[in-house]
1. Which value, in debye to the nearest 20, describes the size of the charge dipole of the stretch 117-225 about its Cα centre when Lys and Arg Cβ atoms bear +1, Asp and Glu Cβ atoms bear -1, and nothing else is charged?
2. Would you please give the residues with an amide H less than 5 Å from that of V194, counting only those at least 5 places away or on a separate chain, with H modeled from the backbone geometry?
3. Ordered by residue, what ³J(HN,Hα) values in Hz, to whole numbers, does the stretch 321-330 give under the Karplus form 6.51 cos²θ - 1.76 cosθ + 1.60, where θ = phi - 60° and Gly and Pro are x?
4. Tell me what the chain gives for mean residue ellipticity at 222 nm when only DSSP H runs of n ≥ 4 count, each as -39,500 (n - 2.57), the sum divided by the residue total, rounded to 500 deg cm²/dmol.
5. Among rounded, prolate and oblate, which fits the stretch 281-372 when a ≥ b ≥ c are the square roots of the eigenvalues of its C-alpha gyration tensor, a/c under 1.5 means rounded, and a/b larger than b/c means prolate?
6. Please compute, over every Cα-Cα pair in the stretch 1-139, the percentage with a separation greater than 25 angstrom.
7. If you keep only loop residues by DSSP, which trypsin sites (Lys or Arg not before Pro) in the stretch 90-173 have at most 13 other Cβ atoms within 10 Å of their Cβ?
8. Counting other Cβ atoms within 10 Å, keep those with at most 10, restrict to DSSP loop, and tell me which GluC sites (Glu not before Pro) in the stretch 5-66 are left.
Amino acid sequence: MTEVAAPDGPGRLVAELDAAGALPAAFGPAFLAAAREWFVPERFWYRPDEAVADVALSRDDAPERWLAAVYADRPLVTQFDAGATVWPELGHRPTSSASAPSVVAGMLRALGPRPGESVLEVGTGTGWNAALLAEVVGETGEVTTVEIDPEVAAGARARLRAAGYDRVEVVEGDAASAIAGARRFDRITVTAGVHIGRFPYSWVRSAVPGGVIVAPMRADLATGPLVRFVVGADGTARGNAIADLGVSFMDLRSPREVPAELDPSERDDAAAESSWTELAPWVPLLADDHRWPIAVALPGCRYEVRERTADRPGEAWLVDPLSGSWAAVVPADGRYAVRQHGPRRLWDAAEAAYRWWTDRGRPPLPAWEWTVAPDRQRVTLPPTT
């Protein structure tokens, strides 16, 4: 390698991940060989503590602090707003980052790459994950990584070359609609959130029979889970969520949706229908397992919850930007007052989905089954025995 890592950085990171049970032994050598600092830009944004907002950090201004952040188990934002925000200003939406090392290790564990295999990565980012994959598959394997952002792709390509990973192929393009040529891969890993019902079938077509695809799935109501698919000989990918590995990735760059605005004044619309419920809205909306059946039942729906505290009564909003439907739920007289407007009765549908899920024994996320076929995509719960 042409780069030289900090003397204790990679070793300390591996030791910490190993102590936390987050790093399989098979991947330890890769984390030691491909130093994270080689792939992190000189400037980035990060949260030194969960309680604070993102802060800008430059290697030139604070080299020791920069290095400590690089080897901490935290994500590092390397781009806001598709590059429109210039460092050190804070942007509105992160559009590229270096994932937390524990998340990277968890996705590698789920993907299970082996020496000699061919791997496709969707979303190059800094290039660190591609370097780790190259270490795992070895000289006889192949790694191709696709990045839609030209600036991000160029930066990752330069860092990979500087670190000696010339055999990693960096492709600039939209992997959601087209992948490099007609090649097929043993493993495909996706580092951007994929909406349910919009999984690009080109990825399934690019996997060999028996190949594995790992992708973070999401809905407008819920982020995660990370799903491990296996591609069958019939061209259908089937999978389940990985237990104990919650992830939250930025959406695929294309297409990217504009968040819906929630206008509290609409709750007083005279045309809204009024009703009552005994179900506190924060019960189904604030836990991932609880919210997932609602996310499946109401694709495209968004939500906002303000829990009840000593200072406020609490309220919940559901909105469907496509139809303009909305629902508001607030505490009142020991119950919860519901106001709904538009062609869809969102709270009625959400409560029905939640009660259907509870009637089935509240199965966790890994119990759901995911299917991506040429003509359909489904997320279902198999019948209980």
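Taken together, the values in this text are just the output of simple stated rules run on the coordinates, not laboratory data. Because the structure is predicted, anything quoted here is derived from the model rather than measured. Because the Cβ atoms are built from the backbone with ideal geometry, glycine has one as well, and the counts that use them run over all protein chains shown.
1. Charge dipole, the stretch 117-225, about its Cα centre: 220 debye, nearest 20.
2. Here M217, R218 satisfy the definition.
3. x, 5, 9, x, 6, 8, 9, 10, 10, 9
4. Value at 222 nm, helices only, nearest 500: -7000 deg cm²/dmol.
5. Because a/c hits 1.5 or more and a/b fails to exceed b/c, the stretch 281-372 counts as oblate.
6. 27 percent
7. R167
8. Qualifying residues, ordered by number: E50.
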